[in-house]
Amino acid sequence: SRLLDLPLGMLVVSRSGAGKTALQDAICSLVPEEALIKYTRLTGQALFYKEQNGLKHKVLAIEEEDGMQQALYSIRTLASAQRLTVATTRSDPKTGKLKTDEYTVKGPVFIMIATTKADSLDAETRSRFIILTIDESREQTQKIMEARKAAYTLEGRLKGREKKAFLGRFHAMQRLLKPIEVVNNFVIIYPLL
């Protein structure tokens, strides 16, 4: 949805060590390198000073919610408005007078955050994201362990090469996608009763 005017946002929630970062990494591996921005930590003002189109149609992945607490306001605003604007003052070097500079960063941007504590994000922030949880069952853990062991076999190595080739084709396909506007003249709108 990163190419839509209002992309989805995703919050991946699980206990520590359950695989939320692995899920986030798997999703990020599907995104072409030039369309992915991944941070482990984000300071409060960092997003306000990106290039104007530096987030446009990108995936912004933040590894841990703990690393973005200072940037919560900018993340929430970006998720809703799909743009950030900040006005700052600086001293004009020639006149010495204060001058206002304005910086705008435009979306749309798909935001993905991994966290162990969804409740540490306020309800207003959580409401802007689809919340995914990890299957933490014993059966799923067993499947993961078997897959990890199988990855070191000859068959696993060959599958790894196939996966790499697939991802290359998938990235190339995504580079061809362009957002288009679709109008449906056949929509029926029912009045509220």
Does Ile144 count as under 29 Å from the mean Cα position of the chain (by Cα), closer than 29 Å to Leu36 by Cα and surrounded by fewer than 10 Cβ atoms within 10 Å (Cβ to Cβ)?
no
Identify all residues within the range 161-175 that are open to solvent by less than 60 Å² (accessible area, probe 1.4 Å) and closer than 12 Å to Val31 by Cβ; write none if there are none.
Leu167, Phe170, His171, Gln174
Give just the number: which of (1) touching a Lys or Arg at 6+ places or on another chain (Cβ under 8 Å); (2) open to solvent by less than 70 Å² (accessible area, probe 1.4 Å) does Glu124 not satisfy?
(2)
Count, please, the residues in the range 1-47 that happen to be in a loop (DSSP other than H, G, I, E, B) and of a type in the set (A, V, I, L, M).
8
Evaluate the range 48-63: report whether one residue or more is modelled with pLDDT under 90, closer than 30 Å to Gly168 by Cβ and either open to solvent by 10 Å² or more (accessible area, probe 1.4 Å) or in a helix (DSSP H, G or I) (or both).
yes
Given (1) over 17 Å from Gln24 (Cβ atoms); (2) touching a helix residue (DSSP H, G or I) at 6+ places or on another chain (Cβ under 9 Å), Thr115 misses just (1)
Identity of the residue in the range 7-27, under 17 Å from Leu177 (Cβ atoms) and either in contact with a Leu (Cβ under 6 Å, 6 or more places away or on another chain) or aliphatic (A, V, I, L, M) (or both), that ends up least open to solvent (accessible area, probe 1.4 Å)
Ile27
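Test of understanding: among Thr95, Thr104, Thr89, which residue is open to solvent by 60 Å² or more (accessible area, probe 1.4 Å), polar (S, T, N, Q), more than 19 Å from Ile131 (Cβ to Cβ) and assigned to a strand (DSSP E or B)? Break it down into steps so the answer makes sense when it comes.
On the way: Thr95 fails: assigned to a strand (DSSP E or B); Thr104 fails: open to solvent by 60 Å² or more (accessible area, probe 1.4 Å).
Just a single option satisfies the conditions, and that option is Thr89.
The values are calculated or read from the model by the stated rules, or taken from the named source; none is laboratory data. Because the structure is a prediction, the values reported are computed rather than measured. Note that we place each Cβ from the backbone using ideal geometry, even for glycine, and neighbour counts take in every protein chain shown. We work out accessible area using only protein heavy atoms, side chains counted, and drop any ligands, DNA or RNA first. Shrake-Rupley method; radii C 1.70, N 1.55, O 1.52, S 1.80 Å.
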